[in-house]
Amino acid sequence: MIDINAKLKEIGPYIPEEDDDLLVCRCEEVTKGEIRKAIHSGLFTIEELRRFLRCGMGLCQGQTCGLLTRRLIAKELGTSVHEIDVATSRAPMRPVLMDEASRDHKGE
């Protein structure tokens with residue numbers, strides 16, 4: 001288990017970078033800067049970032065931004081990307097019309 005306070009001292013304070021406005025997660029419109037700020041506030045895993053920022057929770061389910069987010073975490077924590085756990089896979093969610101959801105599919 002990571003000692004959060006020790007790790008926060010080790011990585012230092014959040015310092016803005018020129019490209020912090022770069023979109024990492026297009027589905028949920030999460031920027032590089034938002035992810036970096038979250039890491040520097042103590043969120044060190046993909047799952048924590050998903051819950052806090054929703055990156056990786058959009059239509060692509062992290063297929064586009066998953067590796068980018070892992071790389072950002074690894075860079076900020078000064079570790080290898082291979083040491084950062086991948087996100088838990090979830091079944092894709094799609095919008096369904098209320099009419100379709102309310103039907104009894106046994107007879108239709």
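Derivation of every value follows stated rules applied to the coordinates shown; laboratory data play no part. Treat the numbers as computed from the prediction; the structure is a model and nothing was measured. Neighbour counts run over all protein chains shown; Cβ positions are idealised from the backbone, glycine included.
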Inset, instruction - May I ask you to sort Met98, Met57 by Cβ crowding, counting other Cβ atoms within 10 Å and putting the fewest first? - result: Met98, Met57
Inset, instruction - For Lys7 and Asp85, calculate 0.36 nm times their separation in residues minus their Cα-Cα distance, and state this gained length in nm to one decimal. - result: 26.4 nm
Inset, instruction - Show me 30-40, 67-77, 9-19 ranked by packing, highest mean number of other Cβ atoms within 10 Å first. - result: 30-40, 67-77, 9-19
Legend entry - Environment charge at Thr79 (Cβ cut-off 13 Å; Lys +1, Arg +1, Asp -1, Glu -1): 0
Inset, instruction - Among the aspartates and glutamates, select those whose C-alpha is under 16 Å from the C-alpha of Lys32, and discard any that sit fewer than 8 residues away in the same chain. - result: Glu17, Glu18, Asp19, Asp20, Asp21, Glu48, Glu76
Legend entry - Relative contact order (percent, whole number), the chain, Cα cutoff 8 Å, 6+ residue spacing: 22 percent
Inset, instruction - Give a residue-ordered list of calculated ³J(HN,Hα) values for the stretch 2-9 (Karplus: 6.51 cos²θ - 1.76 cosθ + 1.60, θ = phi - 60°; whole Hz; x for Gly, Pro). - result: 7, 7, 4, 4, 5, 5, 5, 5
Legend entry - Long-range HN-HN contacts of Cys25 with modeled amide H, under 5 Å: Val30
Inset, instruction - For Glu100 and Leu22, calculate 0.36 nm times their separation in residues minus their Cα-Cα distance, and state this gained length in nm to one decimal. - result: 24.2 nm
Legend entry - Least to most buried among Val81, Val96 (fewest other Cβ within 10 Å first): Val96, Val81
Inset, instruction - Taking Cβ-Cβ under 4.7 Å as the only way to count a partner, pick out the unpartnered cysteines of the chain. - result: Cys27, Cys60
Legend entry - Whole-number D in µm²/s for the chain (Stokes-Einstein; Kirkwood sum over Cα pairs; 10 °C, 1.306 mPa s): 103 µm²/s
